[in-house]
Every structure is written in C-alpha cells, then in structure tokens.
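Data first, discussion second: the structure below is written as structure tokens.
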Amino acid sequence: MYAVYLRFPRVYPSAYWIYYLVTILAEFTVLIEISDQIFRSFTAIRNLGRALTIAITAVLGLLYILPAILASTHRRMALLDFALRAAITKAVILAVLFYVARHYGSEMGRNVSGLVVGFSIYLAMNITWLTAGRVFQPSLSTDILWVMGPLGFALCALVWIISLWDVAPVPDMSLVSTAARRDADAVALELTRLDNQLSKLLHK
C-alpha cells in the first residue's frame with residue numbers, strides 16, 4: 001500500500017479500502033482459526049468456539065457496527081466508527097473465547113497462546129490508534145500515530161513467529177503404553193471409546 005501511495009496516489013483511496021476489507025476478512029479468519037484450536041481436544045464442544053465467533057460477529061455486526069455507518073452523516077467519521085467498532089468486536093470475540101476456554105479448562109499450549117497474545121497486541125494497537133483518530137484532531141492520527149498500525153502488525157507477526165517456530169508435538173502413545181504397561185494401540189482404542197461415550201453423554 002505504501003508503494004501504491006507513492007506511485008499511484010489517485011488510485012490509493014480505492015486500493016486502500018479494498019485492502020482494508022480483505023484485511024477484515026483475514027482477521028476474522030484468524031479468529032475462526034483460534035476458536036478451532038482452543039477447543040480442538042474437546043470432541044463434544046469442538047464447534048463451540050466457531051459458533052461463538054460467528055454468533056457474536058452477526059449480533060454485534062447488526063446492532064453495533066452497522067448503525068455506525070447508517071447513522072453518521074460525515075463520511076470520515078462513519079469510516080472511522082466502522083473500523084473502530086469492527087476492531088472492538090474482534091476484541092470482544094477474543095475475550096469471550098478466552099473466558100470460555102478458562103471455564104472448560106482448555107489447555108491452549110504455546111502455539112495457540114501465541115496466536116491469542118499476538119492478535120491481542122495487534123487489536124490493542126489498532127483500537128488505540130482508531131480511538132485517537134476518532135477523539136482528537138485528524139492530524140494526530142494521520143501524522144503521528146499512523147505508525148501504530150504497522151507497529152502492531154509487526155509485533156503480532158513477531159509473537160507468532162516465536163510461538164509457532166516449534167510446532168507443539170502430538171503426544172507419543174508409546175509413553176502412555178509404557179506407563180500403563182499396555183500396548184499403544186489398545187490404549188488408543190480404549191481412549192477413543194471413552195471419548196465417544198463421553199460425547200454421547202454430553203449430547204444427551
């Protein structure tokens with residue numbers, strides 16, 4: 001986008017909003033991925049995180065984000081309100097997912113925790129920047145605080161690289177079989193049966 005701004009300034013406004021809409025789609029995709037990873041070990045509630053993400057997005061989109069566009073008469077303020085409320089919606093989704101994960105005792109591990117922490121930093125920086133642009137003079141956000149957007153993205157990417165550098169290994173069933181003095185396949189089959197029985201019980 002910086003290259004477009006420098007080389008094709010007339011095209012920049014249209015290109016920016018296309019870029020921004022794609023960014024929003026990517027950010028909500030990250031939320032879906034986080035929600036899937038948080039509950040990946042719970043068969044009975046594996047889709048709970050995704051359901052919460054979609055439901056909160058739909059409700060706040062209709063009741064909180066859409067009115068910001070329809071009620072505002074000033075184009076710049078309407079766009080700022082839209083961007084700010086979309087960022088706050090994503091922060092709410094992340095907070096709800098974290099609360100539900102704590103409620104069910106989900107062990108997120110280093111990889112998923114890194115995704116959550118990095119994305120939280122990115123959202124916090126963007127909310128601060130957009131709030132400053134909403135409350136203070138436009139020059140403050142455009143001339144001084146504009147760096148917060150790229151900085152938040154860079155910090156998020158850095159946290160993700162560190163947390164995802166070593167992928168969390170799948171538990172080795174041979175360790176379980178050694179501890180229980182039983183065959184690994186037999187232990188895995190028994191755990192699968194127990195998981196299915198618990199899932200049926202929770203569904204009832």
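What distance in nm lies between label points placed 7 Å from Cα along the C-beta direction at Ile24 and Ala51?
Between Ile24 and Ala51, the simple spin-label model gives 2.7 nm.
Putting +1 on Lys and Arg Cβ atoms and -1 on Asp and Glu Cβ atoms, find which of Ile34, Ala55, Ala68 reaches farthest to the positive end of the dipole of the stretch 1-92.
So the residue we want is Ala68.
How large is Rg over Rh for the stretch 2-169, taking Rg from the Cα atoms and Rh as the Kirkwood inverse mean of 1/r across Cα pairs? Spell out each step's value before the answer.
Details: Rg = 17.5 Å, Rh = 17.4 Å.
Result for the stretch 2-169 is an Rg/Rh of 1.01.
Read-outs: derived from the displayed coordinates by stated rules, not from any lab. In this text the structure is predicted, and so the values were computed from the model without any measurement. No Cβ is skipped: glycine too gets one built from the backbone with ideal geometry, and neighbour counts run over all protein chains shown.
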